[in-house]
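Worksheet: one structure, shown below.
Throughout, read-outs are computed from the coordinates displayed, never taken from laboratory work. These numbers come from a predicted model, not from an experiment. Counting neighbours? That spans all protein chains shown, and the Cβs are built from the backbone with ideal geometry, glycine included.
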Amino acid sequence: MQKFKLLIAMMLSISLRAMMLNRFSAKRSKISTFNLKMSSEISTLPVDEPIILPTNKNSENLLKIRHTTAHVMAMAVQKIFPETQVTIGPWIENGFYYDFFNSDKQFSDEDLKAIKKEMDKIIKNNFPLKREEVSRDEAKKRIKAIGEKFKLEILESIKTEPITIYHIGEEWWDLCAGPHVESTGLLPAKAIQLNNVAGAYWRGDEKREMLQRIYGTAWETADQLKAYKKMLEEAKKRN
């Protein structure tokens, strides 16, 4: 009888071990399957490719965006500070700038925020940009009517005719040969940033008026602006 009980106990022990081993193997199988699935999913996740920034030379659209953005900035400045006079505002390698004359006002960082906010409104209004050709006399007449002496000097430096003017809606205009986007609504507001203010003499002549130059950057997309800022940060760290 004792031997029989011992045999039963041994059989139960073997059976219990087999059950535990089967459960452990099943769990290991599930874990392995889960890990394999996760590994497969991770391997198929898209890898962010580096953004190749366009240039003024290889993207006419970018050049137009920057040129028009400079005009929109000048329009915004004169809306907020009507006594300010504009001079020139070209596109440059990584953005644009515009030179302003205002002897009574020194632009601050807070002013730049206000100017950008006004620019966003102009962009949202989707004003058309219209090219107009006028005679030299007509251009001079219009410039004198708004009292902008620097524009008169710019007009004198233009040797060809007719004189071209670009309008932003019916709100603002400047002497300009272009090119520009068709309307302000085509400007990517989130890809535009005003950077800083610097001093510059009119015509580079220290005997002439001191101007305030507002620098900005503009890109085709917000992602491009983000990539550009990251590039600047990395360059700063290396230096």
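Neighbours of I52, meaning other residues whose beta-carbon lies under 12 angstrom from its beta-carbon, give a summed charge of -3 when Lys and Arg score +1 and Asp and Glu score -1.
Projected label points at E132 and A198, each 7 Å from Cα along the beta carbon direction, are separated by 3.4 nanometres. About its Cα centre, segment 82-222 has a charge dipole of approximately 80 debye under the convention of +1 per Lys or Arg Cβ and -1 per Asp or Glu Cβ, with nothing else charged.
Please say if segment 165-239 is rounded, prolate or oblate, where rounded means a/c under 1.5 for a ≥ b ≥ c the square roots of the C-alpha gyration tensor eigenvalues, and otherwise the choice is prolate for a/b larger than b/c and oblate otherwise? Taking the square roots of the gyration eigenvalues as a ≥ b ≥ c, segment 165-239 is oblate. What net charge do the residues around A198 carry, taking every other residue with its C-beta under 10 Å from that of A198, with Lys and Arg at +1 and Asp and Glu at -1? So the surrounding residues net to 0. For segment 49-152, the list of GluC sites (Glu not before Pro) that fall in a loop by DSSP and count at most 13 other C-beta atoms within 10 angstrom reads E83, E93. Can you flag which of K57/K236; K113/K190; K57/K124; K117/K149; K64/K117; K117/K151 are past 18 Å Cα-Cα? With Cα atoms farther than 18 Å apart: K57/K236; K57/K124; K117/K149; K64/K117; K117/K151. Residues of segment 194-208 with an amide N closer than 17 Å to a point placed 7 Å from the Cα of K113 along the Cα-to-Cβ direction: 194-197. Approximating the spin labels as points 7 Å out from Cα along Cα→Cβ, the L186-to-I51 distance works out to 2.1 nm.
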